[in-house]
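Enquirer: One structure follows; several queries about it will come next.
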Amino acid sequence: MIGPMIRPTTVAVVALLLSAGTAIADPAPGAAKGLVEHSRLEVAPGGRPIKQLTIENPLGDVKIEGYDGQSIMIETRKQAPDEDALDRLRVSLIPNPDGTVRILTTADGGKEVRPLSRSAVRIDLIIRAPRDARIDAAVSAGSLEVINMDAGGDLDTSSGPISVRNVAGGLMTHSISGPTSLTQVFGSVDAQTLSSDLDLDTIGGERLVASANHGKIAGRRVRARDVELTTTDGKISLEAESSLRGRIVISSLRGDVDVKLRRHGVVVVRARGPKLNLGSTMAAAKPGKDGWVEGQLGGWKPSAQAAIVELRSSYGTVQFAVIE
């Protein structure tokens, strides 16, 4: 069988598991009582480069940082109230011949052992991965952070925050109640959350889609050609650049909409809401029979190259301004 070579870098003993290390009492002031175990592991590629890393850690935080090497380096921190509980914490490493690697954390249980409280145990992972590997990762209440990767990925949390910085490639994020922060993402983005905020800064790519049910969306330095932002209750604020034949659609049911646009070429702006503030540049905008107010910036007649901007709020205020 051809697969990644597994090489321990400290005292960790590996049989497709990270399980050994040094257990010490946690000396940090205010920290939870118990034992802490640290271990490190390096996974070198076998017959094929490592191209995809899948991580499932319901027990703590995950941080993935890209670098120019070919191996995966994993630093693990386990915490538990006693040695018996610490021994039951497992980090399973599953390498495959096709260049994919899966990392899974668990707490061993069964009818013959006392149950472990989720709040009493913890496993945190810090992973350095080849920059061109795709990252698919899921956590529960822990934080999920991805830095300096070039192949995108799929990130999922329940209540933990998602933080992404300097990542290229297609990216999808999903969160129930954890906030999401995406900074310097160069690729198509699909970010979804139910009851938390989305913060977007320096987003470039073909497409940006983001939605929040109960939460606000704030976007700065957005250069995607196709932008679609929607909320139910939260405010949407966006500072973006228009592009030829681009499309920006911003919609909220109850929240305010505030868009500032750096214009390139002809832009057709359509807005709808109970209160519109479209600024002096849209003074010539005219209401239509369908309830939309429409105006054009630049040019004397409709152009096939024009960018389209649609702004709508059913109960909030719609504001629009051009950044010179």
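Enquirer: As a check on your grasp of the helix formula, calculate [θ] at 222 nm for the chain: sum -39500 (n - 2.57) over DSSP H runs of n ≥ 4, divide by the residue count, round to the nearest 500.
Expert: -500 deg cm²/dmol
Enquirer: If you don't mind, another one. Taking neighbour counts of Cβ atoms within 10 Å as a proxy for exposure, in what order, fewest first, do Glu324, Glu294, Glu37 appear?
Expert: So the ranking, lowest neighbour count to highest, is Glu324, Glu294, Glu37.
Enquirer: Here are some pairs, Lys235/Lys275; Lys216/Lys275; Lys260/Lys289; which of them have Cα atoms lying more than 23 Å apart in this structure? Don't skip to the answer; put the middle values down first.
Expert: Numbers: Lys235/Lys275 14 Å; Lys216/Lys275 19 Å; Lys260/Lys289 26 Å.
Exceeds cut-off: Lys260/Lys289.
Enquirer: In the chain, what percentage of the DSSP-assigned beta bridges are antiparallel, given to the nearest 5?
Expert: 30
Enquirer: Using modelled amide H (1.01 Å from N, peptide plane; none on Pro or chain starts), what sits under 5 Å from the amide H of Leu208, excluding residues fewer than 5 places away?
Expert: Result for Leu208 returns Val189, Asp226, Val227, Glu228.
Enquirer: Which of the trypsin sites (Lys or Arg not before Pro) found in segment 249-318 are in a DSSP loop and have at most 14 neighbouring Cβ atoms, other than their own, within 10 Å?
Expert: Arg254, Lys289
Enquirer: Given 37 °C and 0.692 mPa s, how large is the Stokes-Einstein diffusion coefficient of the chain in µm²/s, with Rh as the Kirkwood radius over Cα pairs?
Expert: Values: Rh = 21.9 Å.
This corresponds to a translational diffusion coefficient of 150 µm²/s.
Enquirer: Explain nothing, just the number: dipole magnitude of the chain about its Cα centre with +1 on each Lys and Arg Cβ and -1 on each Asp and Glu Cβ, in debye rounded to the nearest 20.
Expert: 1080
Enquirer: Going by amide H atoms built from the backbone, whose H comes under 5 Å of the H on Ser159, apart from near neighbours?
Expert: Under 5 Å from the amide H of Ser159: Ala141, Ser177.
Enquirer: How large is the charge dipole for segment 181-222, taken about the Cα centre, if only the Cβ atoms of Lys, Arg (+1) and Asp, Glu (-1) carry charge, to the nearest 20 debye?
Expert: Magnitude of the dipole: close to 100 debye.
Enquirer: Something else: Express as a percent, rounded to the nearest 5, the fraction of DSSP beta bridges in segment 246-324 (both residues included) that run antiparallel.
Expert: The answer is about 25 percent antiparallel.
Enquirer: What number does segment 116-212 give for Rg over Rh if you use C-alpha atoms and the Kirkwood radius?
Expert: Rg/Rh for segment 116-212 comes to 0.98.
Enquirer: Taking the Cα-to-Cβ direction at Met172 and at Arg245 and moving 7 Å from each Cα, how far apart do the two end points lie in nm?
Expert: In this crude spin-label approximation the distance works out to 2.7 nm.
Enquirer: Please arrange Met149, Met282 by how many other C-beta atoms lie within 10 Å of their C-beta, fewest to most.
Expert: Neighbour counts put them in this order, fewest first: Met282, Met149.
Throughout, read-outs are computed from the coordinates displayed, never taken from laboratory work. Predicted, not measured: the structure shown is a model, and the values here were computed from it. Note that each Cβ is placed from the backbone with ideal geometry, even for glycine, and that neighbours are counted across all protein chains shown.
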